[in-house]
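Some notes on the structure that comes next.
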Amino acid sequence: MEETEKTVHPDFKIMRMILNQCLMNRSKQGLFTLLLKTFLEILLCLVTLVPAVSLIESGKPILTTFLIGTLLLFFIASVVNNMLDYGLAVVFARLVEKSFVTMGFLFNGFRDKTGRVFRASVFLTALDVLIYVLVGVGVYFLFPEIELSLSNKQTAKILLLSFSVVSIIGLIVHFIFSFSWIILYRDEKCGALKAFGKSISCIFRHFFHYLGFYFYSGGRDLVSFILISFVLFFIPSDANGILSLLALVLSFAQMVEQFKCLVRMNFATPIYFYSISGVIQIHKSDYVPPQETIDSSSTDGTASS
């Protein structure tokens, strides 16, 4: 993976052209895989978090054994989710490469006999746990009188704020390591920690350029999602009548725009990485003027698998 050492930013217009081709011909397969992963994420969340939340709401004392068991279950679920993230990255990478791919590739992390994906997933989960612990310790020292009861409005606000802080930090960490899965997929000899190191090197070298392309790839769907979320924020949760119906319609529209936006952004990561690593080769003959019709069988770039 010596190509990742390049410091020149890839051409924005060329990447946009490749993104449009991927969305035109291969977005449905990416969408269905993303929906499957989302369903599995919800299932993991229900299994791990619902029992703990129910116990907190009941006001009953939390046993140490139950707490340890819940944390252990959460750790395992997080590792599984990270391994699914690897599979999702492989699916979108192969879609960009125009290689054979099915929804079954989502589970490629569990088929990795080298254990690299598992070790990388454990490492990321350990980082997530460390973030939770640090934020939790901070909350304990700032609010020593806090009660573990969601019925208490002050406690609910503090927990919501804590969750928001954890989510933002987690997003930053996962963004910095976003190339790791593709590096592990492309380079079979690369270890988990080395892949993280290469990802950090690439990200920091192209941070703002990659960040710009990542959000640009969201397109109008990202703008629509933000606007709908903004409107929903001002609709009361206990609204009735027309407002309640409006909230229902907007919530559905928000979900649709969210998935459309996520598909576009998931394409952005392999496109950008392949552009800086030299995997995608662009030829002048592949350029088509905007006013001409683009044949679906034509290619804007080729990626060697």
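Search region 231-243 for residues being over 26 Å from the mean Cα position of the chain (by Cα) and open to solvent by less than 50 Å² (accessible area, probe 1.4 Å), and hand back the single one that is farthest from Phe259 (Cα to Cα).
Residues of region 231-243 that are over 26 Å from the mean Cα position of the chain (by Cα), as a first pass: 234-243.
In the following step, the residues that additionally are open to solvent by less than 50 Å² (accessible area, probe 1.4 Å) were identified as 235, 239.
Details: Ile235: 22, Ala239: 26 Å.
Top of the filtered list is Ala239.
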What's the number of the only condition in (1) within 26 Å of Val173 (Cβ to Cβ); (2) surrounded by 13 or more Cβ atoms within 10 Å (Cβ to Cβ) that Phe208 fails to meet?
(2)
Where a residue in region 198-226 is of a type in the set (Val, Ile, Thr) and its partner, wherever it lies, is part of a helix (DSSP H, G or I), with Cβ under 7 Å and at least six apart:
Ile200/Ile176; Ile203/Ile176; Ile203/Tyr210
Meets criteria (over 20 Å from the mean Cα position of the chain (by Cα), modelled with pLDDT of 90 or more and surrounded by 17 or more Cβ atoms within 10 Å (Cβ to Cβ)) for Ile228:
yes
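The values are calculated or read from the model by the stated rules, or taken from the named source; none is laboratory data. Note that the structure is a prediction, hence the values are computed from the model and not measured. A quick note on method: Cβ atoms are made from the backbone with ideal geometry, for glycine too, and the neighbour counts reach across all protein chains shown. We work out accessible area using only protein heavy atoms, side chains counted, and drop any ligands, DNA or RNA first. Shrake-Rupley method; radii C 1.70, N 1.55, O 1.52, S 1.80 Å.
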